[in-house]
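Every number here is computed from the coordinates shown, using simple stated rules; none is lab data. Nothing here was measured: the structure is a model prediction, and the numbers come from that model. When we count neighbours, we look across all protein chains shown, and the Cβ atoms used for this are built from the backbone with ideal geometry, even at glycine.
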Ligand SMILES: Cc1ncc(C[n+]2csc(CCOP(=O)(O)OP(=O)(O)O)c2C)c(N)n1
Ligand SMILES: [Mg+2]
């Protein structure tokens, strides 16, 4: 199997001759993924605390989704060029793409220098063309046709970029989802649809969204592969996305992946999930927390010690503390710049 060493620049494609497996992932990359997941969790907890202190207008927790975020970005690194149309819950995608804690803290607190929208929008809504992250918005499912349009543009111009879009299972009930999959499959576009199924669209359970068990089954209606994976398992998710990347790069068109995840927190800081899910249900969900699960795997493989686990956590907390101080000290955008990038002159 081809193997990408962690010393290679991200984005350098290995020469594959067979279908990818998790054996392609080096121990350094496994530890890198774990560190990214820990940093995402620490950032997420800080974001929530800042909201409760009145310093962040809204928090959108990603706890329970981290394995899917990190595994997906790592698998996309296998191609020289990848584009992203993520969802609002995808903090781990930003971390894995290298968006710094400082940039994210500026974003949570809508301070001057925010890098996605100049602090005009929700946290990390907007775009980062330098990272090929586009059109992040809260308007559910709009990222899917955007991703498909981008992938069509790539096909027409001979650009080998593979496009990944992430969305919730609730988004898969929107017309945008169906139009996007239909168009992408007809034109065999190099786009990967990654559904983060956390079984809730705010308070609406999956059973009130669709009459099927698995979002992946919807792929059959479009003649593309549909794969369901445990999205709390880094390695299984990595494998599913890597195979979809392989299919896309070999001209095989799109894949729909359903990553079954858990939403371990309320929908947002404006939601009270106690009104629609029981403490017992949440307790069960916490058993699938991807962080302890991946740490236990790494320890069983002899790749992580208790000491190293502690060091990674302390390092993440240190980085996030530092970034918080910097963001707290930063000014809000100058009111005189209110119309910048909004109206042409
Ligand atoms: C077009 C549109 N309809 C409704 C909403 C309100 N809304 C915001 S998030 C959300 C739930 C989406 O659920 P899902 O796609 O499962 O993603 P999750 O939040 O669970 O990650 C809804 C209905 C919206 N933002 N946009
Ligand atoms: Mg959902």
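Springs between Cα atoms under 10 Å define the GNM used for the chain, and in it the highest mean-square fluctuation of 190, 81, 107 occurs at 81.
Taking 0.36 nm per residue of sequence separation and removing the Cα-Cα distance, the residue 57/residue 276 pair yields an extension gain of 76.5 nm.
Approximating the spin labels as points 7 Å out from Cα along Cα→Cβ, the residue 341-to-residue 293 distance works out to 3.6 nm.
One decimal place: the segment residue 217-residue 81 gains 46.1 nm when fully extended, by the rule 0.36 nm per residue minus the C-alpha distance. Extending 7 Å from Cα along the Cβ direction at residue 28 and again at residue 112 yields two label points whose distance is 4.0 nm. The modelled label-to-label distance for the pair residue 45/residue 125, using points 7 Å beyond Cα in the direction of Cβ, is 2.8 nm. Classified by the C-alpha gyration tensor, the stretch 79-137 has a prolate form. Its axis ratio a/c, with a ≥ b ≥ c, is 1.5 or above, and a/b is larger than b/c.
Hey, how many Å between the Cα centroid of the stretch 109-170 and the Cα centroid of the stretch 230-290? So the separation of the two Cα centres works out to 20 Å. For the stretch 113-155, the Cα-based Rg and Dmax, in that order, read 11.3, 34 Å.
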